[in-house]
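Worksheet: one structure, shown below.
The values are calculated or read from the model by the stated rules, or taken from the named source; none is laboratory data. For clarity, every value in this text was computed on a predicted model and none was experimentally measured. Methodologically, a virtual Cβ is constructed for each residue, glycine included, from the backbone with ideal geometry; neighbour enumeration extends over all protein chains shown. Surface accessibility is based on the protein's heavy atoms, side chains included, excluding ligands, DNA and RNA. Shrake-Rupley method; radii C 1.70, N 1.55, O 1.52, S 1.80 Å.
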Amino acid sequence: MEVEEGEIYSFEVGGKSEDVVEALINLQERKAFNTTWKVENVKMREVKVERKDLVEVELLTPALLVDPFKKDRKKRFTNAFFVTFAVNYMDHFHVSREEYVRVALSLEEKVREEPSTMKYVKVTYAGKEVLGMMGKFRYSILEKDEEIYAVLENALAKGIGSSRKNGFGRISLK
C-alpha cells in the first residue's frame, strides 16, 4: 500500500464491539511506514443479518478456508456451508474443533448450497504465495434457525476462514 501525505485513508475492522472500542480507546497517534497515523471519525454499526431464505455471500478478499475436521496447514476449496463458516461457528459458540465435528452434519440439514461462482487467486502475503478463494456463494436456508443467522452475523463482522486478522476472508451479504 502506498500512502501520500495529506490524504485520508479509511479501514474497516470487525469484531465484538467491546473489543473494538477498547482497542480504539487505547490507540494514540502511531508512527508506521514513515507516517504518523491517528484515528478520526470512527463509525460503528451493529451487524444484523436479515432472516431470509436465500443468502448470497460475496468474498471481498481471498478466503483461506480451514479443514473443520482436523488441524492442517492445507486449506479446503469448497463452498459447503459447514466448511465455509466452521471458524465462525467455533468462534461464536466457543466450541472446539472436536465438538464442531458433531455439529457439522446438523448444519448441512439446515442449509443447502445453491449454484455459486468460485475462483482461486494467488496473493503474496508476508513474502509467501498464498492460494485463496474468491466468488459469490449462495445458500438456501432450509430451517430458519437462529444459530445459522448468528454464524452469518459473526462472519459479516469478522470474516470467514483463517488469517481474518490479516484481511483474508472479508465478506458482504445480500
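For this structure, a couple of remarks:
- Residue in the stretch 153-169 that is part of a strand (DSSP E or B) and either touching a residue at least 40 places away in the same chain (Cβ under 8 Å) or open to solvent by less than 30 Å² (accessible area, probe 1.4 Å) (or both) present: no
- Scan the stretch 135-149 for residues that are out of contact with any Asp or Glu (no Cβ under 9 Å at 6 or more places or on another chain) and either of a type in the set (V, I, T) or part of a strand (DSSP E or B) (or both) and the total you get is 1.
- V49 vs. criteria at pLDDT below 70, open to solvent by less than 70 Å² (accessible area, probe 1.4 Å), in contact with a strand residue (DSSP E or B) (Cβ under 7 Å, 6 or more places away or on another chain) and part of a loop (DSSP other than H, G, I, E, B): no
- Of the numbered criteria (1) in contact with a Ser or Thr (Cβ under 9 Å, 6 or more places away or on another chain); (2) within 15 Å of L60 (Cβ to Cβ); (3) β-branched (V, I, T), the one T117 fails is (1).
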